[in-house]
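Each remark here refers to the structure printed beneath this line.
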Amino acid sequence: MEYDLPSDFDIIVVGTGMVESIVSAAASRIGKRVLHIDSNSYYGGLWASFNLDSISKIPEGNRSQPVVENKENEIVYPVGNDVFDLRIHSQKWHIPESNPEKDVDESDSAVAQEEHEWTQEKLLKISRKFNIDLAPKLHFAKGDFVELLISSNIARYSEFRSVSRILTWLNGSLEIVPCSRSDVFSSNRVSVIEKRMLMKLLTSCVDGDENEFKGYEGKTFQSYLKDRKLTENLIHYVLYAIAMCTDDTLCLEGVEKTKRFLGSLGRFGKTPFLYSMYGSGEITQAFCRLSAVFGGIYALNQSLNGFIYDNDNTFKGIICGKQRINATHLVMSLEKLPKEIVDFSTTEYISRAIFITDKSILEDEREHLTLLLFPPVDRKAACVVLELGSLTGTCPKGLHIVHVFTKQTVNPEDDLKHCVEKLFCKREGESNSSPSILWSFYFSAPNTFSQKLECEKLLNTYVCPGPDLDLDYDPAIERAKEIFERIYSNAEFLPRAPDPEEIIIEGEDNNNIINETEERAEVPADQGDVSSELAHEDDT
Amino acid sequence: MEDFKFLFKVVLVGNAGVGKTCLVRRFTQGLFPPGQGATIGVDFMIKTVEVDNEKVKLQIWDTAGQERFRSITQSYYRSAHALILVYDISCQPTFDCLPDWLREIEEYASSKVLRILVGNKIDREDREIPTFVGEDFAARHNMYFLETSAKEAENVEKLFMKIAEDLMQQARNKDLSRYECSTTNITARTSSVNDSSCCSKLT
């Protein structure tokens, strides 16, 4: 059945990426009339997750480029630009298309699985068991994102799994980074003296007073660690894995990063990180769901034909098919910005690789969710490697999805080569203990966070950046909050949504509208309830 | 601890206007909401029922209007134990859309989800889809079938009780696919199914 969209809103949000979705949820939450549309048939834009079949078909950008239309008193800008598109570098299978002999008795799939003779055909048949992120994210257990999910009560839409180990590459092999107290003390890679040194250092990073870092204002974190007489191994663990720094990172920044890591330890698991079940693409949907629950109107797969501005360049509305829809404010993702308006180009890219592999980079009795922080070597930037198993709901049993990414300097393949070569089998069919790559996908994604994205030319128009290099969503949340506060300067940003038990629904006379939600949400007892649940923290 | 032993997530899908919200409201609150107003702020409704002397909590999720422009989030289907697909027996197009809905369910819901087909509004005189057509469709797609009237409270209780009983049976047989023990629900509120030892660890 075809429905027409309503034709008048307070705010129209175009694109369902992370920043857009948070703004949409926040606006709906305070009672604004929100229209949230996306030209794609899926949620998430550049932040989405795909099954195997659909990720192999994602377009790099296929928009038409009509010309600017001038009507009486109004200008209609066309939608979209090609400055911020993904650039696919290569996508390859490293296994045969099918296995004719085996395919005869298809019913015997259990046997085939056991033999691990994967073919393209077999993987594509279970395509929907894959949820492959374009922009994989982890969440610091006490980071801004987790705190926002809890304070806004959006956490109920998602499930998480904790990262079970953190690895680094040290002296030519993978090493488990001892990051919690119990890890430090159970590690046999770290001597007793080192254990004490490490604990002392970590404690002083967290609790240290100003004097601890006096004189290090202009110096590097590495020099601080050296002055503390840490052994080389320990410096490696702290600098590259725990603080995720480079050799040039300044001391105070390194201390901050160490704090961010340590502060999230001991809340939900052995490491400071959580990962969203079924992929990071679920997260934008959680915010969209909240927006819809509070009245936001959703339309995916929506053809968007133009943005309407008046002669003073104030936003008036959009054209959707043949329909004109008016609103006061427009929030859109960067790639939707009219080409005529984009007077800057992306200079920064993220080099990304995604692999399907046949076993873990470091095999263990049980399945792990692994974060590997591959240190910078020979002027190559550090790489983040995230390995996901079937327990995350992102790939079938027996396989792993591996994401590798870094700041781009040359191109995705060259930027990641040194890391990839060390972790995986070099050639197809070569048998050693390293995992084989069954499928590989290299692409470049624009990193637009560092750019100034004020839309000065167009009034009442706000632009949302795409995914960045941060491990978590902190910059996205910050940007969304900034946009929200610029539009609704005195409103509360995502106050806690009430639980169903707290909602009292009016009876026959009130058109199903629910009163009471606001007042209830403010009751301190409820707040206390939530925080007390969170107070059961494991003192690792 | 709360005083229920089982918690199941039930989600409703189907075209706009087939009476999904009315079914939920009839069951959870015993009323039939008049008018077409959207339900602002309601995520899901909860009702605790008793099956074989065990308390079973049903968490029933509605679409939040996202079905109107075919924009239901995939995450809506995740971890659902039962899925109710609703059409309006007096409106052929809502029946014709069922294959589209099934495709979406196949794609995003667990393969083990309990699926129920419901023809709603049997109080209406202008029926367009005969009962046997619905029955036939359900049988072909391996779904349980029921015709209901949220307005007259017909078969609504039966529908949800049937779901509770079936899910209990599955849970007893340890057949439930979802809510593996080690996922983290970061509020602990909406935690999970089965015995309390297994869920929502906040360690």
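I want the antiparallel fraction of DSSP beta bridges within region B:6-176, as a percent rounded to 5.
30 percent
Quote the relative contact order of region A:180-264 in percent (integer), defining contacts as alpha-carbon pairs under 8 Å separated by 6+ residues.
On the way: 76 pairs, mean separation 26.7, N = 85.
Taking the mean separation of contacting Cα pairs over the length of region A:180-264, I get 31 percent.
For B:K20, go through the lysines and keep the ones whose alpha-carbon is under 21 Å away, minus same-chain ones fewer than eight residues off.
B:K9, B:K47, B:K57, B:K121, B:K151, B:K158, B:K162
Please report, as a whole percent, how much of the solvent-accessible surface of region A:277-416 comes from carbon and sulfur atoms (probe radius 1.4 Å). Walk me through the intermediate numbers first.
On the way: 2070 of 4600 Å².
In region A:277-416, the share of accessible area belonging to carbon and sulfur is 45 percent.
Where in region A:126-171 does accessible area fall by at least 50 Å² between the isolated chain and the complete protein assembly, at a 1.4 Å probe radius?
By number: A:R128, A:R156, A:E159, A:F160, A:R161.
Is there a quick way to get the dipole size of region B:6-176? I mean about its Cα centre, with the Cβ of Lys and Arg at +1 and of Asp and Glu at -1; what is the value in debye to the nearest 20?
Numbers: 22 positive and 25 negative charges, 113 e Å.
Using Cβ point charges on Lys, Arg, Asp and Glu, region B:6-176 gives about 540 debye.
Net charge within 9 Å of A:F307 by Cβ-Cβ distance, Lys/Arg positive one each and Asp/Glu negative one each, not counting A:F307 itself?
Numbers: positive: A:K316, A:K336; negative: none.
Surrounding charge for A:F307 is +2.
Using a 10 Å Cβ count of at most 12 others and DSSP loop calls, identify the longest part of chain A lacking such chymotrypsin sites (Phe, Trp or Tyr not before Pro).
Values: sites that count: A:Y3, A:F344.
By the stated rule (loop sites, at most 12 other Cβ atoms within 10 Å), A:4-343.
Using Cα-Cα distances under 8 Å and only pairs 6 or more residues apart, what relative contact order does chain A have, in percent? The partial results should precede the final answer.
Working: 1051 pairs, mean separation 131.9, N = 540.
Averaging sequence separation for qualifying contacts and normalising by length gives 24 percent for chain A.
Counting only C-alpha contacts under 8 Å and six or more residues apart, can you give the relative contact order of region B:6-176 as a whole percent? List each step's numbers first, then the result.
Details: 293 pairs, mean separation 45.1, N = 171.
It rounds to 26 percent for region B:6-176.
Looking at chain A, send over the antiparallel percent of its DSSP beta bridges, to the nearest 5.
Here the share of antiparallel DSSP bridges comes out near 75 percent.
In the neighborhood of A:A243, defined by Cβ-to-Cβ distances under 11 Å, what is the net charge if each Lys or Arg adds +1 and each Asp or Glu adds -1?
On the way: positive: A:K257, A:K259, A:R260; negative: A:E253, A:E256.
Neighbourhood net charge equals +1.
The values are calculated or read from the model by the stated rules, or taken from the named source; none is laboratory data. This structure is a prediction, so every number in the text was calculated from the model and none was measured. A quick note on method: Cβ atoms are made from the backbone with ideal geometry, for glycine too, and the neighbour counts reach across all protein chains shown. Each accessible area value is taken on the protein alone, full model and side chains, heavy atoms only, with ligands, DNA and RNA left out. Shrake-Rupley method; radii C 1.70, N 1.55, O 1.52, S 1.80 Å.
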